[in-house]
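Take a look at the structure set out below.
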Amino acid sequence: QMQLVESGGGLVQPGGSLRLSCAASGSIFRIYVMGWYRQAPGKERELVASINTGDTTNYADAVKGRFTISRDNAKNTVYLQMNSLKPEDTAVYYCNARWSITTTWGQGTQVTVSS
């Protein structure tokens, strides 16, 4: 059973940057498709970015060109580098791991973009 722990959230001004990390344990990290999702108050959870086992990435239109997802299989960690942050990026960000029919979520980390 995989466990996921996110870190790196916080308060940042518009135009600033944050780097989220998600540390995985309990399973074979490299076989999982990893993703970052976010959920803003009153809205549904949405996919932000994903990276598969071959390092192919996918991004939501709203974050293309600003966010970068990456993974380090040696460290069992997936990252989300967020640049040029906007107030509308404010949300709880969740790490997700998928393999076959299994899916695992982290506990989430708050990102607030405000002046």
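The values are calculated or read from the model by the stated rules, or taken from the named source; none is laboratory data. This is a predicted model, so every value here is computed, not measured. When we count neighbours, we look across all protein chains shown, and the Cβ atoms used for this are built from the backbone with ideal geometry, even at glycine. What goes into the accessible areas is simple: the full protein's heavy atoms, side chains included, and nothing from ligands, DNA or RNA. Shrake-Rupley method; radii C 1.70, N 1.55, O 1.52, S 1.80 Å.
See the values below:
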{"read-out": "Of all DSSP beta bridges in the chain, antiparallel share, percent nearest 5", "value": "95 percent"}
{"read-out": "Förster-model FRET efficiency, 22 Å R0, GLN107 and ASP55, C-beta, rounded to 0.05", "value": "0.30"}
{"read-out": "3J(HN,Hα) from dihedral phi, region 24-40, Karplus parametrisation 6.51/-1.76/1.60, rounded to Hz, x for glycine, proline", "value": "10, 8, x, 7, 8, 4, 5, 8, 8, 7, 10, x, 10, 10, 9, 9, 8"}
{"read-out": "Under Karplus coefficients 6.51, -1.76 and 1.60, residue-wise ³J(HN,Hα) of region 90-96 in Hz, glycine/proline x", "value": "4, 4, 8, 9, 10, 8, 9"}
{"read-out": "Accessible surface of LYS86 - all protein chains present, 1.4 Å probe, nearest 10 Å²", "value": "80 Å²"}
{"read-out": "Virtual spin-label span in nm between ASN73 and SER17, 7 Å along Cα→Cβ", "value": "2.7 nm"}
{"read-out": "Two-site FRET efficiency, SER25 against SER114, from Cβ-Cβ distance with R₀ of 30 Å, rounded to 0.05", "value": "0.35"}
{"read-out": "Computed magnitude of the charge dipole of the chain (debye, nearest 20; Cβ of K, R +1, Cβ of D, E -1)", "value": "120 debye"}
{"read-out": "Difference of contour (0.36 nm per residue) and Cα-Cα distance, GLU44 to ARG66", "value": "5.8 nm"}
{"read-out": "Estimated translational D of the chain in µm²/s (Stokes, Kirkwood radius over Cα pairs; 10 °C; 1.306 mPa s)", "value": "113 µm²/s"}
{"read-out": "Accessible area (Å², 1.4 Å probe, nearest 10) - ARG19", "value": "130 Å²"}
{"read-out": "Fraction of accessible area attributable to carbon and sulfur, the chain (%, probe 1.4 Å)", "value": "48 percent"}
{"read-out": "SER84 long-range amide H proximity, modeled H, under 5 Å", "value": "none"}
